[in-house]
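Student: The following block contains the structure, expressed as structure tokens.
The values are calculated or read from the model by the stated rules, or taken from the named source; none is laboratory data. Keep in mind it's a predicted model, so treat the numbers as computed, not measured. Reconstructed Cβ throughout: ideal geometry from the backbone, glycine too, with neighbour counts over all protein chains shown. Keep in mind that these areas ignore ligands, DNA and RNA; they rest on the heavy atoms of the full protein, side chains included. Shrake-Rupley method; radii C 1.70, N 1.55, O 1.52, S 1.80 Å.
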Amino acid sequence: MATVEFILNGMPTRCETAPNTSILTLLRETLGYKGTKEGCASGDCGACTVAIRDTSQAAFATLNACITPAHQLQGQQLVTVEGLESEQDLHPAQQAMIDCHGSQCGFCTPGIVMSLFTLHREASRGAPFTSETLEEALGGNLCRCTGYRPIRDAALSMQESDWTPPPWFEASLAPAAAEKPQEFDPALPFFARPTTLDELIALRARHLDARLVAGATDLWLETTQQLRPLEQLIDVTRVTELQRIEPANFQSRPGWWIGSAVTYTALEPLLQRHYPGFVHLLTRLGSRQIRNRGTLVGNIANASPIGDTPPVLLALDAWVELAGPDGRRTIPLQHFFLDYRKTALERDEVISRVFLPALEERASLRVWKLSKRREDDISAVLGAFHYTLENGVLGQVRLGFGGMAATPRRAAAAEAALEGQPLSKASFQAAQRALSTDFQPMADVRGSQAYRELAAANLLERLYVALATPDQEVMIHAYAH
């Protein structure tokens with residue numbers, strides 16, 4: 001057991017809890033806050049949504065309490081659905097859900113209210129409120145009985161209401177006390193929170209079996225879905241060096257180093273400015289709750305063959321930096337993935353950051369994801385396409401695919417079939433044939449081998465049609481397509 005101290009709905013709270021305790025378990029079983037519900041216990045349904053921030057000036061960020069470690073609340077301010085009402089009235093999101101009949105069984109309602117709360121608060125601070133931001137805010141909240149129209153009506157009507165927050169909402173948070181490096185017994189459970197990269201490396205070297213945790217959006221499923229114990233955890237989110245996005249020149253190429261604790265949400269502004277194809281993918285990567293917690297490096301480290309971002313990083317020719325007791329080393333990302341869930345990372349190393357090369361002025365990046373649901377779903381096939389097109393000739397062709405092999409991989413034969421070739425149907429047909437040399441896809445619940453082969457070839461076809469007819473829309477328009 002270890003101590004976690006935080007502010008819960010304005011009240012200083014101190015608890016002793018085990019390392020593998022989630023925020024949801026802490027709320028419901030230890031503190032008796034029953035408003036937050038468990039639906040899926042995997043971060044898919046949003047019933048457990050709560051809001052968190054680390055300073056009084058920061059925006060509240062939604063997260064899935066069922067898959068977030070309780071110890072990451074240290075020094076934070078947590079708001080649950082019970083904290084929204086005041087002595088005078090309900091929050092506009094709560095009142096609007098009542099007025100618009102946005103709830104039936106009510107199981108999903110607290111999470112929906114919390115998502116609407118953050119949306120309302122951001123709009124009150126000047127953030128745009130559009131149909132796209134509304135859809136995105138609710139993309140991680142499922143409702144199986146009410147239907148979404150009355151919930152959408154509630155979201156729209158709440159914008160007409162002002163809300164006076166209780167005084168504790170605007171009160172300054174006391175800075176979290178600096179934690180001194182600790183020694184942990186390798187035989188006992190612990191939750192370690194290093195604040196420097198040197199501390200992290202030392203902890204990793206001493207506790208080779210401990211699990212590293214950042215957003216926990218994948219790791220925590222081991223305990224909620226597979227009932228595996230997570231008893232020794234090293235939290236990387238407090239390490240200062242890993243929270244940075246830094247412009248750099250690496251391998252004579254401009255770009256940015258992205259620290260391993262940088263979340264998708266924190267990365268969004270950079271992608272918005274420099275990688276429109278990449279940022280578009282984020283609207284289909286999990287939900288806002290997931291993107292507020294998940295990290296780019298975490299998506300690399302778990303080495304899933306269907307992770308959304310590795311194919312894009314491969315197409316951009318990204319590199320990773322690995323840090324351990326013997327120093328730091330950098331390797332191309334395409335050499336990092338060795339086999340299914342197997343990487344070049346040594347047991348005593350951590351991924352400290354990833355280098356994201358800047359797109360050259362003439363280069364383009366397109367990313368297309370195929371999945372059963374448009375939002376909050378895992379890829380069946382994902383294709384990322386980097387290229388230049390000058391005087392009708394293709395160059396710098398790099399094609400990254402997910403869902404086509406045991407690891408995310410580049411399609412070397414298809415790249416060779418397109419490199420230096422004219423933009424023509426024949427060139428792309430040759431590349432489609434070459435895909436059979438590059439990949440012998442797996443079959444699973446998301447797609448058969450035949451489906452994946454056809455889907456990957458069709459993504460190349462889509463790229464050809466998009467380039468050959470740039471003034472035409474290739475598919476029915478949707479903001480997250």
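Student: Determine the sum of side-chain charges near L459: Lys and Arg each +1, Asp and Glu each -1, restricted to other residues whose C-beta is under 10 angstrom from that of L459.
Tutor: It works out to a net charge of +2.
Student: State the percentage of accessible surface on the range 1-156 attributable to carbon and sulfur atoms; use a 1.4 Å probe and exclude ligands, DNA and RNA.
Tutor: 50
Student: Counting other Cβ atoms within 10 Å of each Cβ, which GluC sites (Glu not before Pro) in the range 377-478 have at most 13 and sit in a DSSP loop?
Tutor: Hits after loop and neighbour filter: E473.
Student: Calculated from DSSP H runs of 4 or more alone, at -39500 (n - 2.57) each and per residue, what is the 222 nm mean residue ellipticity of the chain, nearest 500?
Tutor: Computed mean residue ellipticity for the chain: -8000 deg cm²/dmol.
Student: Give, as a single signed number, the net charge of other residues whose beta carbon lies under 11 Å from the beta carbon of A431, with Lys and Arg counted +1 and Asp and Glu -1.
Tutor: -2
Student: Counting only DSSP beta bridges with both residues in the range 203-261, tell me the antiparallel percent, nearest 5.
Tutor: On the way: 6 of 9 bridges.
DSSP beta bridges in the range 203-261 are roughly 65 percent antiparallel.
Student: Pull up the cross-link candidates among the aspartates and glutamates for K372, meaning alpha carbon to alpha carbon under 15 Å and not fewer than 8 places away within one chain.
Tutor: Cα-Cα hits under 15 Å: D44, D308, D444.
Student: Based on the Cβ-Cβ distance from F250 to R273, what FRET efficiency comes out when R0 is 22 Å, to the nearest 0.05?
Tutor: About 0.70, to the nearest 0.05.
Student: Continuing with the same structure: According to a simple spin-label model (label point 7 Å from Cα along Cα-to-Cβ), what is the distance in nm between Q440 and Q472?
Tutor: The modelled label-to-label distance comes out at 3.8 nm.
Student: So, one more: Are there trypsin sites (Lys or Arg not before Pro) in the range 275-356 that DSSP puts in a loop and that have at most 13 other Cβ atoms within 10 Å, and which ones?
Tutor: Here the sparse-neighbourhood loop sites are R341, R347.
Student: Kindly provide the trypsin sites (Lys or Arg not before Pro) of the range 4-40 that DSSP labels as loop, not H, G, I, E or B, and whose Cβ sees at most 14 other Cβ atoms within 10 Å.
Tutor: Those that pass, being in a loop and sparsely packed, are K34.
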